[in-house]
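**Student:** Sharing a structure here in structure tokens format.
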Amino acid sequence: MANIKSSKKDKKKSYKRRQHNISKKSKIKTFLKKVLFYIQKKDLKNCVLSFKNFQSVVDKCSLKKIIHKNKASNYKHNLIKKIKQINIKN
């Protein structure tokens, strides 16, 4: 247990930051699921629209250091690969 006033304040701040970061990561997962859903349905139009939304969310989170920039890049690369496969098959 923290005894010093500043350490108590730091504990509160880190808790708030953690909650904020968790909500942003959850938002990323939600948008990712939407894109994967449309990929599975092979709906190219909605897939591209949801990918654009996903891309903006991921880029914002990587700029704010919530996720690593390489992880954001990997997410986008893998999804683009899957979207291109849908486009080739249609």
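**Student:** Looking at the stretch 41-80 only, could you name the residues that are over 17 Å from the mean Cα position of the chain (by Cα) and either at pLDDT 95 or above or closer than 15 Å to Phe31 by Cα (or both)?
**Tutor:** Taking the stretch 41-80 and keeping what is over 17 Å from the mean Cα position of the chain (by Cα), we get 41-46.
The one that is over 17 Å from the mean Cα position of the chain (by Cα) and either at pLDDT 95 or above or closer than 15 Å to Phe31 by Cα (or both): Asn46.
**Student:** Please state which one of Lys81, Lys65, Lys5, Lys71 is without any contact (Cβ under 8 Å) to a residue 24 or more places away in the chain, out of contact with any Gly (no Cβ under 7 Å at 6 or more places or on another chain) and on the phi > 0 side of the Ramachandran plot. Please lay out each step first, then the result.
**Tutor:** Working: Lys81 fails: on the phi > 0 side of the Ramachandran plot; Lys5 fails: on the phi > 0 side of the Ramachandran plot; Lys71 fails: on the phi > 0 side of the Ramachandran plot.
The unique qualifying residue is Lys65.
**Student:** Could I ask something else about it? Which of (1) out of contact with any Ser or Thr (no Cβ under 8 Å at 6 or more places or on another chain); (2) in a helix (DSSP H, G or I) is the odd one out, the single condition Ala2 does not satisfy?
**Tutor:** With respect to (1) out of contact with any Ser or Thr (no Cβ under 8 Å at 6 or more places or on another chain); (2) in a helix (DSSP H, G or I), Ala2 is out only on (2).
**Student:** Output yes when any residue across the stretch 19-35 is modelled with pLDDT under 95, part of a helix (DSSP H, G or I) and open to solvent by 60 Å² or more (accessible area, probe 1.4 Å), and no when none is. Break it down stepwise before answering.
**Tutor:** Step one: of the stretch 19-35, the residues modelled with pLDDT under 95 are none.
Within the stretch 19-35 (the criterion being modelled with pLDDT under 95, part of a helix (DSSP H, G or I) and open to solvent by 60 Å² or more (accessible area, probe 1.4 Å)), the answer is no, since none of the residues qualifies.
The values are calculated or read from the model by the stated rules, or taken from the named source; none is laboratory data. In this text the structure is predicted, and so the values were computed from the model without any measurement. In this analysis, Cβ positions are derived from the backbone assuming ideal geometry, glycine residues included, and neighbour counts consider all displayed protein chains. These area figures cover heavy atoms from the full protein model, side chains too; ligands, DNA and RNA do not enter into them. Shrake-Rupley method; radii C 1.70, N 1.55, O 1.52, S 1.80 Å.
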